[in-house]
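Taken together, the values in this text are just the output of simple stated rules run on the coordinates, not laboratory data. Keep in mind the model is a prediction, meaning the values are calculated, not measured. Cβ placement follows ideal geometry from the backbone for every residue including glycine, while neighbour counts extend to all protein chains displayed.
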Amino acid sequence: MNRRLIILTGAALALTGICVLTAQVPKHPSELKFESLTYNPPRAEEYRITLSNGMIVYMVEDHSLPAVDLQAFIRTGSIYDPVNKKGLAQMTGSVMRTGGTASLSGDELDEKVDFLGASLSSTIGTRRGSASLFVLSKDLEEGLELFADMLMNPVFEESKITLYKDQTMENLKARNDQPRRLLGLEFDRLLYGDHPFVWETDRAALETITRDDLIDFHNRYFRPNNVILAAAGDFDRDEMVRKLEFVFRSWTPEEIDFPSLPEVKVKNRPGVFMVQKEISQGYVNVGHFGVKDTNPDLYALDIMNFILGGGSFTSRITTKVRSDEGLAYNTGSRFVNQHDFPGTFYGYVQTKSSTVQYAVSLILDEFRRIRSERVSESEMETAKNYFLDSFPNRFSSSLNTMAAFAELEYDRFPLDYYDHYRANIEKVSRDEVLRVAKKYIKPDQMSIFIVGDIEACKAGSPDHPGSLEKWGKMTVIEPLDPMAASGGR
Amino acid sequence: MFFILLSGARALNLEDQVIEHTLDNGLRILMVERSEVPRVVCHIYYRVGSIFERPGITGISHFHEHMMFKGTRMMGVSDFEADHRLNVKIDSLMDLVYNEKYHKKNGDMDAVRIWQQQAESLMKEEKQYIIKDDLWETYMRNGGTGLNASTGKESTGYYVTLPANKVELQMLLESDRMANAYFREFYSEKEVVREERRLSENRPGYLFQEQLNATFYAASPYSWGVIGWDIDLQTMTKQDMIDFNRQYYVPNNAVAVYVGDIDPQKIIRMAEKYFGSIPRGPEPEPIRTLEPPQHCEKRLYGEAPTMPSMTILYHIPPAGHPDEAVFDVITGLLNGRTGRLYKSLVLEKDLATRAQGYGMVSAYSGAFNFGALPKTQGEVTMEDLERALVEEIDRLKNEPVEERELQKVKNQTEARFIRGLRSDYGLAARLGRAELYQGWRDLDRSSERLNAVTADDIMRVASTYFVKDNRTVGILLRKETGSRGPGQAGRGSSR
C-alpha cells in the first residue's frame, strides 16, 4: 500500500471518529439550534448618481466575472397608446431593437451584437419600458455605443415594421388557443372593461400604425431625464460614469407631457362567467378588484394572502384543494397589485370539469374562513419568518440589487424602503390580518370566471352535487377576436 | 460613499472554484463558496428519471418526486405506528380494487365499489395523524426559497435556498427523506399528478408532440414523456413506488450541491453526520435499450386547435461522442436573429414567422430538432416550408462555413458560459446534473472542444446524420374547432 493512501484513510477515520462522538442526529427539526445571523441590506442612496443630462444611474462594481450588465427603465407604457393605435407602445419597443439606428441597419446591429456574444434588448410593457445589455467587459465600449445608439437613434426600418406586424398577426390568431392565457385576458377584460390598461392590439390597429407613429412615440418618451439605469459588473466606477456621459452626450432632456389616463371604474362584477372550450378541465379565477401597490395595508395583505393561498404548500387553499382532495395541480390565491390603478385579487384552480364546482366551493370556504377568525399563532409565525428570512434574496446579485433600487425609484417608493421592510413585516399582528381580510376580500362580490367545457362543468359530479348557478347569474362570454374586421370592442 | 459589493475575481474555470468530497457510502458533494448574501443554494440530484422506467410504470419517477414531499417516519405524521397500521389496510384494499378493475376481464364492480368505500373511510380516518406538507412548511418557516423539485428524463432534483446559518436543516430533512421516505396519501396524490397531465393535454399541440416523440424513438425509453402515460399512472401501485424508491434513492446514486455563503469544511462535517449513516445501495441497473438505426423515414400528420408547425427530427449520438461539440456549433449557426434559419426562412424567403434548430444531446440517445412556424397570411404551404428547411440542412453539408460565422458562434459560446456562472442556482443545477453523467469537470472542457471544431467537421457531421432514413417529420395543422375564434371571423359560431 502506498503511504499517501494510508495517511488519507487515517484522516478519514479520524474525521468519522469525531463525527461519531458528536453526531447526535436530531429526531426532529425543532431540535436544531441555529447560530444567529444578522444582515444589513445595501442602501440605495449609496449607489445613486445623476448624469449631467438628468439620467439617474444606480451602479456598482462587481469584478467577479469579466462582464457588464445594464438595465434601463423608461417611464412609458402601452397605457399611453392612442385608442385607434392599440399596440403602438409594444411595437415601438420591439422595432426599436430590430429596425436599425441612424448609423447601423437592423441587420448590421444584429451582426455586431451576435459577434460580440453580447445580448441587447428592448421592450415596452403595460406601464414600463425597459432595455438591457449584457457584454463581456473587454467589449464594454462597443457594447455601450450600441446600447446608447438603440435608445437614442432608432430609425424603425419599414421592413422590420412589416415583419413585426406579420409575426404579431400570427400571435393574434393564437390569442384564444391556450386556456390559461385566455382566462387571464378575459378575466381582466371583464373587470377593467374598455380601459387602456387592458387594451390589446388587433388587426385593425396593426394596419393603421405607421412608421411615423413609432418615431413620434419614441421621441415623446425616450429622453434621458425619463430613464433610470441600473449598471453592475466589471468596470471602474469613475470610468464608467465618464463612459456613460460620453455615449449619451447628445441626448437632451425634455419635459415629458404624459397623457392623462381615464379613471378605472372600480365596480365588481359578481356572477358566473364562462368561455366555452373543448377541454377536460375548467380553468377558474374567483375574484374581484384588489389594491394599488402603494396601499399602506400591503404588509398585512402579503401575510394574509401567504396564509390563504400565496404560500404554496404552506397555504390553506393549496393544502385543502390539492393535498387533501387531490383536485388540482395548480391552486392558490394572489393579489396582482398595480401602481396607478387598483389591481385584482383572485383565487385560482384548474381541475377536471366534473370537480370545478366543488373546487370553487372549497376556495370560497377559505375566503370566508380567513375573514371570520384570526389566523393561528403558528401560521403567523411561519409567514413572518418566511418574509424575514428570505429577505436577503432580492440582493443576491449585484445586478438584481441595482435593478431593485431602480424599480423603487421608478415607482416612486422612498429610497429607504428596504431599510424598514423587515420592521414593517414584524409589526403586523393577527388582528391586522383579520382586519385586512375583512376589508379586501368580499365573497359576495366574486366573479367566478371559467374557461372550459360549459356543459361538463355545469354537470358536476354525483359525489359533490350542487350547481354553478347558486353563485349568481351565468353569462357566456364570447372571447375577444382581434382578427375581426371591426377589431375589439 | 460608493461601495463595491464584491471583491475577488471569480475564476473562469470551474476547476478552481468547485470543492468536492465523496462520503464512504458514495454520496458525492460539490461545493462553491460565494458570499454576496448570507444564503446558500442547496440542491440534491438523483440519477433517475423517465428513461429508467419501463412500460407499465411510465411516469413513476415524476410521481415519486411528488411523493417525496409526503413525509417520513419523522416528518408529516403525528403517530407513525397508528398511521402505518391504517396504510397497510388501505393498500391491501386498493390492491384488490386495482386487480379487479384493471387486470380482470369481467371484474366485479360491486366489490370494487365496496372496497373503495372502505379504503376511503380509512383515508379519512388517517387524516388525524397527517401533518400536512410538513417538510415544505418547515423549509418555508426557516426562510426557504426556490423551494421545488423537478423530474426530467435523466435526473431528478430537490431544491431549496436557505439562510447561511440553516443549511443543517436541509441536511436533516434531505438525509431523512433519502433513507426513510414514506408514501402516505399515495392515492390522492396520484389524482394531483393526473391533473398535472391534463394541464399538459389541454395545451393545444401537446398531444401531437407526445405522439411525435413516441414515433421518433422506436425502442429507447426516451420514447415516453416524463409525465408518463395516463393508463400507467392509473394502474401504478404503492408497491411499485416502494420498489422504485429502494432502487434509485440511495446515496451512491446522488449528488448534493451547495453554492453560496458556506464553509466547505463545515459542510463536509455536517454531511458526514447526516448522510454518512445511510447505507450504500446496490448499483442501479444500467439502461440497456439504446435506440437502433431507423432505416426509413417516418412522417406524422396531425391537427390541433393551435398554430400550425413543422418539425424535423434526426437521431444523433449520445453525450461524450467526439461529434458532440460539432452539434453545439451547428446549433449556434442556426439560431438567433443572425442565425441561418431566421435569416433564410423568416427574413429572406418570408415563409415562416419563427424557425429554429437545436441539438438535444442526451446521456444515451440524442436528437437534433429543426422546427418552424409557417406564415399563415398568404399562400405558404407546408411543402414550401419543408423544402426551405431541407435546403438549409443541405447547405450545412455542402458549403464550408465562413471563418467569421464560425468565430461568432465560438464568441457566443464563451459569453454564454460566463453568463451561466452568474446565478448560484443555475450553477448548482449545471454542476449537479453534469456530475450524474459525464462528471462536472466536463463543463470546463466544453469550450475547448468547441473551439476545435472546423468547417470540415460541420460538413462531415451534417452529411452523416442529417439524412432521410434517419429522420422523422411532424406536420401539425390548425384544427378548426367550430367555435368562433380569431382567424375565423364571419364563419359563424357553433353556439
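For this structure, a couple of remarks:
- Separation of the residue B:247 and residue A:265 label points, Cα + 7 Å toward Cβ, nm: 6.3
- Computed from the Kirkwood radius of its Cα pairs, the Stokes-Einstein diffusion coefficient for region B:157-302 at 20 °C and 1.002 mPa s stands at 113 µm²/s.
- Debye log10 I(q)/I(0) for region B:302-383, one point scatterer per Cα, at q = 0.14, 0.17, 0.21 Å⁻¹: -0.54, -0.73, -0.95
- Summed over all non-identical Cα pairs, the Kirkwood treatment of region A:157-263 gives a radius of 18.0 Å.
- Whole-number percent relative contact order across chain B, with pairs defined as alpha carbons under 8 Å at least 6 apart: 22
- With the convex hull drawn around the C-alpha atoms of region B:365-439, the volume per residue stands at 192 Å³.
- In Hz, Karplus ³J(HN,Hα) per residue of region A:375-381 (6.51, -1.76, 1.60; θ = phi - 60°; x = Gly, Pro): 5, 6, 4, 5, 4, 4, 5
- Spin-label pair residue A:324/residue B:24, simplified geometry with 7 Å Cα→Cβ offset, distance in nm: 4.7
- Cα-based radius of gyration of region B:199-278 once divided by 2.2 N^0.38 Å, which approximates compact folds: 1.69
- The largest-to-smallest principal axis extents of the Cα set in chain A are 84, 69, 51 Å.
- Checking every one of the GluC sites (Glu not before Pro) in region A:32-83 against DSSP loop status and a limit of 16 other Cβ atoms within 10 Å picks out A:35.
- Cleavage-rule hits, trypsin sites (Lys or Arg not before Pro), region A:367-421, DSSP coil, Cβ neighbours within 10 Å at most 12: A:412
- Long pairs among B:298/B:410; A:384/B:132; A:277/B:190, criterion Cα-Cα beyond 23 Å: B:298/B:410; A:277/B:190
- Straight-line cross-link partners of residue B:166 among the lysines, defined as a Cα under 16 Å from its Cα and at least 8 positions apart when in the same chain: A:33, B:266, B:273.
- Across region A:324-336, computed HN-Hα scalar couplings (Karplus, 6.51 cos²θ - 1.76 cosθ + 1.60, θ = phi - 60°) run 6, 9, x, 8, 7, 8, 10, 7, x, 8, 8, 9, 9 Hz from first to last residue, x flagging Gly and Pro.
- The trypsin sites (Lys or Arg not before Pro) of region B:37-83 that DSSP puts in a loop, and whose beta carbon has at most 16 other beta carbons within 10 Å, are B:73.
- Extending 7 Å from Cα along the Cβ direction at residue A:364 and again at residue A:212 yields two label points whose distance is 5.5 nm.
- Two numbers describe the Cα atoms of region A:29-164: Rg and Dmax, which are 19.6, 68 Å.
- Inter-part distance where region B:175-249 and region A:118-144 are each reduced to a Cα centre, Å: 41
- Scalar couplings 3J(HN,Hα) for region A:236-248, obtained by applying the Karplus form with A = 6.51, B = -1.76, C = 1.60 to θ = phi - 60°, are 8, 4, 4, 5, 5, 4, 4, 5, 5, 4, 5, 5, 9 Hz; x denotes Gly and Pro.
- Cα-derived Rg over Rh, computed across region B:1-129 with Rh taken as Kirkwood radius: 1.20
- All distinct Cα pairs of region B:264-336 go into the 1/r average, and the inverse of that average, the Kirkwood radius, is 18.7 Å.
- Reach of residue A:442 by Cα under 21 Å, taken over lysines that are not fewer than 8 positions away in the same chain: A:265, A:267, A:292, A:320, A:470, A:473
- Pairwise centroid distance, computed over Cα atoms, of region B:39-85 with region B:357-436, Å: 34
- Ordered from longest to shortest, the equivalent ellipsoid semi-axes for chain B are 41, 34, 21 Å, each the square root of 5 times a Cα gyration tensor eigenvalue.
- Each principal axis of the Cα cloud of region A:110-178 was evaluated for its coordinate range; sorted largest first, these ranges are 46, 26, 23 Å.
- Its residue count N fixes a reference of 2.2 N^0.38 Å for the protein assembly as shown, and the Cα radius of gyration divided by that reference is 0.96.
- Kirkwood-based Rg to Rh ratio, region B:200-246, C-alpha trace: 1.06
- Set the Cα radius of gyration of region A:267-309 against 2.2 N^0.38 Å, with N its number of residues, and you get 1.63.
- The calculated pair-distance distribution of region A:282-372 uses every alpha carbon pair, bins of 5 angstrom beginning at 0, and gives 3, 15, 25, 24, 16, 10, 5, 1, 0 percent.
- Using the Cβ-Cβ distance between residue B:394 and residue B:350 with R0 set to 30 Å, the FRET efficiency from 1/(1 + (r/R0)^6) comes to roughly 0.90.
- Partners for residue B:375 among lysines (Cα-Cα distance below 17 Å; same-chain residues under 8 apart left out): A:160, A:165, A:173, B:343, B:349, B:479
- Estimated at 0.36 nm per residue, the fully extended path between residue A:237 and residue A:36 surpasses their Cα-Cα distance by 68.9 nm.
- Equivalent ellipsoid of region B:86-196: semi-axes from √(5λ) of the C-alpha gyration tensor, largest first, are 36, 17, 11 Å.
- Sites residue A:123 and residue B:445 - FRET efficiency at Förster radius 30 Å, r taken between beta-carbons, to 0.05: 0.25
- Calculated FRET value between residue A:254 and residue A:435, using beta carbons and R₀ = 45 Å, to 0.05: 0.45
- Alpha-carbon centroids, region A:355-392 and region A:156-213: separation in whole Å: 36
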